[in-house]
Amino acid sequence: MTDAPRRRSTPTVPAKAALEGLEDKWGERWEADGTYRFDANAPANAVFSIDTPPPTVSGSLHVGHVFSYTHTDCIARYQRMTGREVFYPMGWDDNGVPTERRVENYYGVRCDPTVHYDAAFVPPEKAPKNRRDFLAVSRRNFIELCVQLTGEDEQVFEALWRRLGLSVDWTQTYTTIDERSRRVSQRAFLDNLARGEAYQADAPSMWDITFRMAVSQAELEDRPRPGAYHDLAFHRSDGEGDLVVSTTRPELVVSCVALVAHPDDERYKPLFGSTVTSPLFGVEVPVVAHRLADPEKGTGAAMICTFGDLTDVIWWRELDLPARAVIGRDGRFAADTPAWIESDTGRNTYEALAGLGVKAAQRTTVELLEASGELLGEPKVIEHPVKFYEKGEAPLEIVQSRQWYIRNGGRDAALAEQLIARGDEVTWHPPYMQTRYTNWIEGLNGDWLISRQRYFGVPIPVWYPVDADGEVNYDAPIAPDAVTLPVDPQSDAPNGYDEAQRGQPNGFVGDPDIMDTWATSSLTPQIAGGWDHDHELWAKVFPMDLRPQAHDIIRTWLFSTMVRSHLAEGTAPWRHAALSGWILDPDRKKMSKSKGNVVVPTELLQQHGSDAVRYWAANGRPGTDTAFDETQMKVGRRLALKVLNASRFVLGFSQRNDQSADGGDDAADQAATGARATPLGADAVTHPIDRAMLAEVAALVETVTAAFEEFDYARALERTEAFFWDFVDVHLELVKTRAYRDDDGSASARASLELALSTLLRLFAPHLPFATEEVWSWWMDGSIHRTGWPTTAELGGAGDGADGELPALAAQVLHEVRRTKTEARTGMRTAVRRLEVSAPPELLNRLETVRGDLVDAGVVQEFEMTPTDAGADLTVSVELVVDDA
């Protein structure tokens, strides 16, 4: 909840103001006061809940994190100031491949589940340079190292977030591997299993041979790689010659199960239903038709291999073809000759491929084809997109394996349509991002593969019975009781069994896999919001109000969270989704740790200050990629410093001492030494220019509020900043001399300046939390961040009916005076002998109301107003006092 501004009777304005040290000062104060602590007793309709993205704990945060998390924080701060109780937790995504790889490289170890646990294990003092020399450790030892290193990284992350000024409630934290997250993840999985939404299948899956694990469609990326088309001769069984196919995977001819062409391709219609024999191996395969065959690609006929790419999987499944895979989980060809190769020639040929990696097998196959005369012509070199795991280093293979899946609409059109419709329940910022969500669902080709053959993650919580013959029955998984969660099937025994029965006939085996990291991250609303442990909190925060995230993980985090919420809750998990763009390097490429082009933000925060870095980040529009620009941070620092100094100047008017200020260059110092405040309200604002300025302030409040309501923090900053510079460069200079006097005009100036300052500070507060809090503390009680968002009502109608064009007219005249002095290379306090303004009478009458302020601001000795015809432009003539000396 928030309070109305509470002005102190006597401001305490420092003689000098500086940005240095504000982060430590106010960070400690906010923590001590619980400024951002969530009040769980708040009614549900007063809560604004944020599904904060948990950053991956795998090294260090980079400037891209600062960029997007600042956007979220600006929104959180705005909502808090509007009176909402903001539920703003922070999680750490500390399980998954990035963490494992960091631990391996940091300690020089690799996990080997066959190694026994060593309670006294100490990692090597220095990690070997070559991964082949990494020390093999037990799964338990490896997990302990993961927990240790991620714990250290999380402390560094939190310190950086605090310095940036994130208004997170640090009592509401979690990690994706802690007991709560494991319990929630396993319970949600078991619920999916009970409802038939989770299932196990022994099927082809995309496989990373480096990490030796299956990956999902959402984790794939295309990378351009060199390749070549090879024309291979398949021999027609009727003896009528050869059927030629072009392939970039000649090594998979051993796995060929059919040749395929488009059903309307006249060249191959006569051959559908016939057979051919494969080159090198002499295996008979059918010629079949399918709509996905491309008549324009190669010869129009293609091999169907098990498996070369995802299209092979579709063909294999829809045409009910046999599986003849030779590439194993290690990325090597099987050591034993496949049973489907029956000829002695073919079996002898395969011996040259047995045990080879894919690249070596390709080279050997090409050599064998050349020798047999079944490679026609020279290979045609190309560059083509190849599927990679997004964090992998080698092209993916497709391997037959038993995996766990959750239904996501990839094989169920009705479910896909339901998930697309869920997108309509969310307000997207910017709106076009919903199209990316919809397109992703429409492009799915399978269900969500969630099992991973890794170690540091949430275990799949099932066991399998072993029959009397020692065979594992994967069709009858044993689930734990919910009260026992979390469990680790690799170390815990299921109910009704003891550890001695592990792996024994009539015993059990534990599922060895862990869940995909997205299977846990997809439950961040449930983990943070108390789904299974704080039902009262859950009722208040879910559906959450906001999901902030980067646009490139719509396909992963956003979609997977939508799937889990749809299946379990029957609703979208949030009301709004705010998508941030990427940070681009000077070459306009996305900054990422994998590309090695990231900028670590620690030095930036120290050099420029947190408000300055936040200013740069907040200028990035929602969903728009933004170039890294340190120059913008310098602009932000200048702005933050100006907020301090301009505020000091304005507040100095309320610390008037018995001496009269002459408005000269030492006015600010005189103001800072005053003793007694003279608080004034909107009723004191009577001067036309003051009323007109407050009318502009009222319009600004409405504009900025509307921008924040649309989650457009960038537009809010842009409009506030533009007004602020006009305010300090024009209005403040125009009225400061009058403000020093002791009359009605002085009271009007001081009251309007304070009202404007109070409003501007609060409009800036979401973006510049440190500078605004510092100024607020000089003259107001409480934190600015727990003070109500400004409203037009606070201005007391002081601007109602004001001359809206008067500020621009006065600014035009003052600008010409300043321009003349600048061109004459003289100071702004140089006197103007004669100032003449020529304009239609109607404009002159309006300018007459600010004559005194213009005379004071311009140091004008003689001010003439010359009427012109109606419709004529306003012109200004300036004659300076010439120093004859």
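Given the criteria open to solvent by less than 30 Å² (accessible area, probe 1.4 Å), of a type outside the set (S, T, N, Q) and not in a helix (DSSP H, G or I), does LEU376 qualify? For LEU376, the condition - open to solvent by less than 30 Å² (accessible area, probe 1.4 Å), of a type outside the set (S, T, N, Q) and not in a helix (DSSP H, G or I) - is not met. Scanning the range 452-470 for residues that are among the small types (Gly, Ala, Ser) and crowded, with 22+ Cβ neighbours inside 10 Å turns up just one, GLY457. Scanning the range 45-97 for residues that are at pLDDT 95 or above, part of a strand (DSSP E or B) and not acidic (Asp, Glu) turns up VAL47, PHE48, SER49, ILE50, VAL86, PHE87, MET90, GLY91, TRP92.
In the range 125-209, counting only strands (runs of 3 or more DSSP E) that sit wholly within it, the ones holding 1 or more residues that are touching a residue at least 12 places away in the same chain (Cβ under 8 Å) and within 29 Å of ASN408 (Cβ to Cβ) span 173-175, 198-208.
If you filter the range 679-718 down to residues that are of a type in the set (D, E, K, R) and in a helix (DSSP H, G or I), you find that the one that is most open to solvent (accessible area, probe 1.4 Å) is ASP683. Give me the residue from the range 238-286 that is open to solvent by 20 Å² or more (accessible area, probe 1.4 Å) and aromatic (Phe, Trp, Tyr) and, out of that set, nearest to TRP316 (Cα to Cα). It comes out as PHE272.
Do the conditions hold for ALA747, that is, is it over 45 Å from the mean Cα position of the chain (by Cα), at pLDDT below 95 and closer than 14 Å to VAL650 by Cα?
yes
Within the range 329-363, restricting attention to residues that are assigned to a helix (DSSP H, G or I) and under 42 Å from the mean Cα position of the chain (by Cα), which residue is surrounded by the fewest Cβ atoms within 10 Å (Cβ to Cβ)? Per the stated criteria, the residue is LYS359. Being over 26 Å from PRO224 (Cβ atoms) and not in a loop (DSSP other than H, G, I, E, B) is a description that applies to PRO286.
When VAL399, VAL366, VAL326 are checked against the criterion of being of a type in the set (A, V, I, L, M, F, W, C) and open to solvent by 10 Å² or more (accessible area, probe 1.4 Å), VAL366 stands alone in meeting it. Scanning the range 396-414 finds one or more residues that are part of a loop (DSSP other than H, G, I, E, B), under 26 Å from LEU449 (Cα atoms) and among the basic types (Lys, Arg). Hey, does the range 101-114 have a residue that's open to solvent by 40 Å² or more (accessible area, probe 1.4 Å), touching a strand residue (DSSP E or B) at 6+ places or on another chain (Cβ under 7 Å) and not in a loop (DSSP other than H, G, I, E, B)? Among the residues of the range 101-114, at least one is open to solvent by 40 Å² or more (accessible area, probe 1.4 Å), touching a strand residue (DSSP E or B) at 6+ places or on another chain (Cβ under 7 Å) and not in a loop (DSSP other than H, G, I, E, B), which makes the answer yes. Here ARG833, ARG825 are screened, and the one residue that is touching a strand residue (DSSP E or B) at 6+ places or on another chain (Cβ under 7 Å), without any contact (Cβ under 8 Å) to a residue 60 or more places away in the chain and not in a helix (DSSP H, G or I) is ARG833.
Residues that are closer than 24 Å to ALA76 by Cβ number at least 1 in the following helices (runs of 4 or more DSSP H) confined to the range 719-806: 744-764, 769-779.
Okay, residues lined up against (1) in a loop (DSSP other than H, G, I, E, B); (2) in contact (Cβ under 8 Å) with a residue 24 or more places away in the chain; (3) aliphatic (A, V, I, L, M); (4) touching a Gly at 6+ places or on another chain (Cβ under 6 Å):
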{"residue": "PRO586", "(1), (2), (3), (4)": "yes, yes, no, no"}
{"residue": "VAL598", "(1), (2), (3), (4)": "yes, yes, yes, no"}
{"residue": "LEU604", "(1), (2), (3), (4)": "no, yes, yes, no"}
{"residue": "GLY620", "(1), (2), (3), (4)": "yes, yes, no, no"}
{"residue": "THR624", "(1), (2), (3), (4)": "yes, yes, no, yes"}
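The values are calculated or read from the model by the stated rules, or taken from the named source; none is laboratory data. As the structure is a computational prediction, the values presented were derived from the model and not from experiment. Heads up, the Cβs are rebuilt from the backbone with ideal geometry, glycines too, and the neighbour counts pull from every protein chain shown. To get the accessible areas, we keep the full protein, side chains included, count just its heavy atoms, and leave off ligands, DNA and RNA. Shrake-Rupley method; radii C 1.70, N 1.55, O 1.52, S 1.80 Å.
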